[in-house]
Amino acid sequence: MEVIHPRNLEEALAAVADGMTPLAGGTDLMVEVNYGQKRPERVVALRRLADIADFSPTRIGAGVRWRRIEKEGPRALAQAARTVGSPQIRNAGTIGGNVATASPAGDGLPFLAAVDASIELTSGSGSRLLRWDEYFVGVKQTARRSDELVTAIVLADDLPERQEFAKVGVRNAMVISTVCCVVTRREDGATTVALGSVAPTPMRARRAEEMISSERSPSEATLAEFARLVSEEVAPITDHRSTEEYRRHAAGVLARRLLERCLRREAA
Amino acid sequence: MKISLTINGREVSADVEPRTLLVHFLREDQGLTGTHIGCETSYCGACTVLVDGKTVKSCTMFAVQADGASITTVEGLADNGQLHPVQEGFWERHGLQCGYCTPGMIMSAVGLLQEKQSPSEDEIRHAIEGNLCRCTGYHNIVRAIEYAAAKMRGEEPPPPDWEEEEVSV
Ligand SMILES: Cc1cc2nc3c(=O)[nH]c(=O)nc-3n(C[C@H](O)[C@H](O)[C@H](O)COP(=O)(O)OP(=O)(O)OC[C@H]3O[C@@H](n4cnc5c(N)ncnc54)[C@H](O)[C@@H]3O)c2cc1C
Ligand code: FES
Ligand code: FES
């Protein structure tokens, strides 16, 4: 096996163009290596590549670790960051690794869907921006070409004022989501609802969004209808972590709870 | 592949096979067997060490990725035979039974106390969420970390639970 440490982005891009496997925090990749599921022969280590670790309100470099995002990221993404693995995982794992792995259960991904973020992909011939729904195409499938690196997450400069993340799992700590969800809401009522672990890719519950966006102070019945719509729109499967029925139920409960948190913050 | 790094304050240069995990390098090449291996899949936390001051699971890193880094293992905590306050806390408050998880647990506690001088019980439990213990039920580990936090702030540690219980009987 060969491991190289590129000094800058150009060297890193040349390495991936040459077929080398990117390694960031290793918290997804090394688990597969240790289980013998992957045996990368040639690895390009990105851990110390400052070129992709930039951080601003509208741009989060792929190499930024969860540890930093939990302190400095936008509210709902910071909340998600706090639930990724454990301190040791957050000290190593990056948002770029989460986005590149594109697991349906990736906790960073619903936020990207909720705020219509774009993924910046860069190769030797330049960069392109793909909106999240163009980038995520299936279970662990993305539109990234093998000669490209994820270089950043690009955010709008007017993120919604209220944004909340939560997840449901089988235990409190170090747990992969059974369902995870982000709800955002603007002053004028415009609401987005994004969910993870309930479809092959992160998804938006558009009908529920449309219904609730025109409601300024939703009644109990409206909130119940909102939860019902979310449960109806998600497309979960039964697997080793949970059942389809439970995921549908939990998606509705979670989305409603987060909406209520947004509404309480609106009132406060 | 040649690497140079600092381990417990000592400069080390070595020639390592790129596939070697950091934890194997520490245990087998460097003889630092204080860092344990429980699962090798990033779950148990027994292999926790500090890399550039931050806790990571050393089974999740190739040794060559630590080139240029500064590593602290449990062996690097005691100062001239004087136990680190966290080690002392585990001793004084019975924060271990079999001891398998202890080095990793101690390193996670050190990582926490570097950032927070007065962590709440919740913060302590959150900080050790990546370390599994099959013996203690965690209770005495939390007390051990509270002991260390007090010591490091220069305060008298809270009395052990068992003394409190005697008083209330
Ligand atoms: C114990 C444990 C608990 C976990 N808990 C959670 C959790 O609660 N929630 C959650 O969402 N995830 C969790 N994970 C998964 C993982 O920590 C995250 O997905 C993390 O964000 C991965 O980032 P990384 O930098 O470690 O990626 P790596 O493992 O380094 O890379 C992951 C994949 O992405 C590729 N890659 C990395 N960077 C780039 C790039 N810039 N461009 C292109 N490809 C790239 C790699 O080749 C690899 O295929 C957990 C993992 C472990 C081991
Ligand atoms: S041996 Fe590294 S986490 Fe278990
Ligand atoms: S003391 Fe035995 S595993 Fe923790």
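Bear in mind that the values in this text are calculations on the coordinates, not laboratory data. What you are looking at is a predicted structure, and each value in this text was computed from that prediction instead of being measured. Please note: Cβ atoms are built from the backbone with ideal geometry, for glycine as well, and neighbour counts cover all protein chains shown.
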Calculated FRET value between A:ARG39 and A:GLU187, using beta carbons and R₀ = 45 Å, to 0.05
0.30
Given a cut-off of under 8 Å on Cα pairs at least six residues apart, what relative contact order in percent is computed for segment B:2-76?
40
When you have a sec, figure out the Kirkwood radius of the protein assembly as shown from all distinct Cα pair distances and drop it here in Å to one decimal?
23.2
In a GNM of chain A with a 10 Å cut-off on Cα contacts, which of A:SER231, A:SER127, A:SER103 has the highest mean-square fluctuation?
A:SER127
Label segment A:140-190 by shape, choosing from rounded, prolate and oblate, from the square roots a ≥ b ≥ c of the eigenvalues of the Cα gyration tensor; if a/c is under 1.5 it is rounded, and otherwise prolate applies when a/b is larger than b/c, oblate when it is not.
oblate
Pick from A:VAL43, A:VAL150, A:VAL234 the residue whose mean-square fluctuation is largest in a GNM of chain A, springs joining Cα atoms under 10 Å.
A:VAL43
Per residue of A:33-39, count partner chain C-beta atoms within 10 Å of its C-beta, then hand back the mean as an integer.
2
Averaged over B:61-67, how many beta carbons belonging to a partner chain fall within 10 Å of each residue's beta carbon?
6
Just name one of A:VAL154, A:VAL137, A:ALA166: the one whose Cα is farthest towards the positive end of the charge dipole of segment A:127-166 (beta-carbon charges, Lys/Arg +1, Asp/Glu -1).
A:VAL137
Using helices alone, I'd like the mean residue ellipticity at 222 nm for the protein assembly as shown: each DSSP H run of four-plus residues gives -39500 (n - 2.57), total over residue count, nearest 500.
-10000 deg cm²/dmol
I need the shape label for segment A:104-157. Rule: rounded when a/c is under 1.5, else prolate if a/b > b/c, else oblate, with a, b, c from the alpha carbon gyration tensor.
oblate
Per-residue mean of C-beta atoms belonging to partner chains within 10 Å, peptide A:169-182:
1
Calculate the all-directions average of the projected area of chain B's alpha-carbon convex hull, and give it in nm².
10.2
Could you tell me what fraction of 2.2 N^0.38 Å the Cα radius of gyration of segment B:85-155 comes to, as a two-decimal ratio?
0.95
Given a cut-off of under 8 Å on Cα pairs at least six residues apart, what relative contact order in percent is computed for chain B?
22
Under the rule a/c < 1.5 gives rounded, and otherwise a/b versus b/c splits prolate from oblate, where does segment A:4-157 land using the Cα gyration tensor?
rounded
Mean Cβ count within 10 Å, highest first, over the residues of peptides A:254-260, A:204-210
A:254-260, A:204-210
How large is the direction-averaged shadow of the alpha-carbon convex hull of segment B:2-76, in nm²?
4.2
Please state the charge dipole magnitude for segment A:1-155, taken about the Cα centre, from unit charges on C-beta atoms (+1 on K and R, -1 on D and E), reported in debye and rounded to the nearest 20.
460
Between helix B:139-152 and chain B, what is the angle of the helix's C-alpha long axis to the longest principal axis, kept within 0 to 90° and rounded to the nearest 10?
80
Amide H within-cut-off set for A:ARG42, under 5 Å, with H built and near neighbours excluded:
A:GLU2, A:THR21
List the equivalent ellipsoid semi-axes of segment A:162-267 in whole Å, largest first, each obtained as the square root of 5λ for an eigenvalue λ of the Cα gyration tensor.
23, 14, 11
Electrostatic dipole magnitude of segment B:66-133 [Cβ: Lys, Arg +1; Asp, Glu -1; Cα centre; debye, to 20]
120
Cα-centred dipole magnitude for the protein assembly as shown, charges only on beta-carbon of K, R (+1) and D, E (-1), debye, nearest 20
740
Relative contact order in percent for chain A (Cα pairs under 8 Å, 6+ apart) equals 16
